[in-house]
Every structure is written in structure tokens, then in C-alpha cells.
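Following: one structure in C-alpha cells, then a few remarks.
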Amino acid sequence: MTILLGLLYVLAAAGGGCVALIRDPRRQVMAISANGVVLALLFLALRAPDVAYSEIVVGGAALPLLFLVTLASARARSQDR
Amino acid sequence: MSPRLRVVLLAGSFAVLAVPAWRTMQALPRFGHHALPYGDAINAAAPKQRHVTNMVSAVNFDYRGVDTLGEETMLLAAVTGTAVLLRGQREGGERDRLGPPRPHGGRSEAIVLASRIAAPFTFLFGLYVALHAMVTPGGGFQGGLVMATALLWVFLGDGHLAWGRLVRTGWVDACEGMGVAAYAAAGLGTMLAGGAFLQNVLPRGALKSMLSGGLMQVLNAAVALAVVAGFLTLFVEFLKETAGLQGETE
């Protein structure tokens, strides 16, 4: 269990670092999504399944989707001009 | 400020902060331990008082039920704000409804099949999580989120048309409002029955039964309805923004 927790901490830190360091917005969104899944697993390992449910849906799917749609919409509007 | 000076400043502040930070970390409670009596009190009291085994639900829907009413209202306000903003921008424009389906040459049959298999099971799982709020981890909020995601599978696998047949915007809007209204009405109902606002006046049922918890069942259902509808509204409004787009990725 300690090894699993340590691994998840390292993954969460690496994922967060990736989100901050990646420059291309679309790849950044994918990194946010992956980081959300890692955080959900970490919450599950820390015995907080309620938060894990919310995190895996909101952080893993809903938030990246809204970001992706916003990026696509913004790109289309800048092409219209 | 030159990069060199920045590095010197960074090293200096690390050196100054290292000792106090280390001492603070040493003084923290050990990992996994806490000094807060509230959780222990709830763990001891809730099974006897409320006949539930999921303490998070007991706190959310009973002991701190008024706070959840506030959170529900916040969700409603946020979703309404988003909808007003996005619908207002599209007013009368051709983007006001989901347009004709784009020829999705890139969507493989594997994705369509996987989505069609995953969607009903995801929905069923969300329903399970929402229904067992009193017994196992999860509840109306988490279950509602999972159910809303199930309908995203439909969008991923079958696109606009199937989505539009399944999700009627007017019905979703009504559900969103009714979920929050039902929560508030339940509180007023307990006052009519002679109790305080949101006091748990219903019979509590048997411990470890899916239908235990009394009034918490009603509140849980109201939250589930509001969350499903709220997130669906968000998804629909944002996805309508992409209708008719022709990016280089499609």
C-alpha cells in the first residue's frame, strides 16, 4: 500500500508538472485529463471514494471536454476573421 | 530582472524558508491521523440516529442539509449563467441548434461499438451509485455525474442526431429547476409537518437497507436530478458551440 501511494504521489506530481510545462493547449488538455485520472486513483488509495467519483468524472472527462470545445470554438472564430 | 538575479533570489528565499518549513512539517499530525472530533462524532452517532452507513451522505443530506441546499443553488446559478451567456450569443443564429451531422469519416466502427456498449452500463452504474447513497460511498451528486457522462458516450459514438433524440433541452432545463425546487420544497414540507427546516421527520428504515435514511432519500433524489440535468445542460450548450465548425482536425 505504501509503495502504491508513493507511486501515485510521484505520478500526480509528474502529471501536474506536465500540465504546467506543456505549451500546446490541446496537449495540455489531455494532460489535465490524465492528471485527473491519477488524482482520482490517489483519492481512492487514500480511502476517499466519494471524492474519487467526482474527480474522475469532472477532472477526467467533463473539464477537458469543456476546454476542448472552447479551444475548437475559439480557433474557428479566429479563422472567420 | 536578469535570469541570474532571479536564480540568486530563489536560492536565497529557499535558504531562508527551509528551516521554518521543516519545523512546521515536523509539527504536523502524522499522515492519516487527525485531531478533529467532528468526524469521530458523526461516525459514532449517524448509524444509530439516522440508520445509514454512508457518513458522507448523512452529513450532506441531514446534519448539514442546509449547506447542500446552498450548493444546489450555486450549481443552478452557474449552469443558468452559462446557458444564458451562450444561448444569448447564438440568439437567432444558425448555431442555435445542433446542426446537421458532420460526415464523420474518421470515426471507426470500434469506437461506435464501444460507445454503444459503454453508454447503458455507465448509466446503470450511475443509477446504482445514486440509489445506494445511504449504504455505500457515492450519492446523488456522484451518481448524477456518472449518468451525465453516460450520455456523453452517445455523443461520442453516434453524434448529434442520436444525442438530439435522447436529450430534449426543454426537459433537461425543467429537470434542473425541479431538482433544486424539490430540495427546497422538502425543507418547507418538514416545516408543514411540524418540524424544523429540513428536519428528518420521515421513518428512517432499517440500517444497511437501500431505502434507509428517511428524508435523506428525497434530498438525494433531488440532488441527483439537478446534477444530471445541470451537467447535461453544460455539455449541450458547449457542444452546440462546435456545431458547423470545420477545423483541420475533422
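Bear in mind that the values in this text are calculations on the coordinates, not laboratory data. Here the structure is a predicted model, which is why all the values come from computation and not from measurement. Here the Cβ is made from the backbone with ideal geometry for all residues, glycine too, and neighbour counts use every protein chain on show.
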Across region B:116-141, what is the total count of residues that are in a helix (DSSP H, G or I) and surrounded by fewer than 19 Cβ atoms within 10 Å (Cβ to Cβ)? 9
Residue count, region A:43-57, condition out of contact with any Phe, Trp or Tyr (no Cβ under 7 Å at 6 or more places or on another chain), more than 7 Å from chain B (Cβ to nearest Cβ) and on the phi < 0 side of the Ramachandran plot, comes to 6
If we keep just the residues of region B:51-71 that are more than 10 Å from chain A (Cβ to nearest Cβ), small (Gly, Ala, Ser) and in contact (Cβ under 8 Å) with a residue 40 or more places away in the chain, which is nearest to B:Met134 (Cα to Cα)? B:Ala58
Condition (residue is farther than 20 Å from B:Glu241 by Cβ, assigned to a helix (DSSP H, G or I) and facing chain B (nearest Cβ under 10 Å)) applied to region A:31-40: is it met by at least one residue? no
Qualifying residue in region B:142-164 (condition: within 20 Å of B:Ala46 (Cβ to Cβ), surrounded by fewer than 18 Cβ atoms within 10 Å (Cβ to Cβ) and of a type in the set (S, T, N, Q)): no
Can you tell me which residue in region B:138-197 is farthest from the chain's Cα centre (by Cα), limited to those that are more than 23 Å from A:Ile56 (Cα to Cα) and among the polar types (S, T, N, Q)? B:Thr190
Just to be sure, is B:Thr190 within 14 Å of another protein chain (Cβ to nearest Cβ) and of a type in the set (Ser, Thr, Tyr)? no
Given the criterion in contact (Cβ under 8 Å) with a residue 60 or more places away in the chain and either of a type in the set (D, E, K, R) or within 14 Å of chain A (Cβ to nearest Cβ) (or both), identify the matching residue among B:Arg168, B:Arg204. B:Arg204
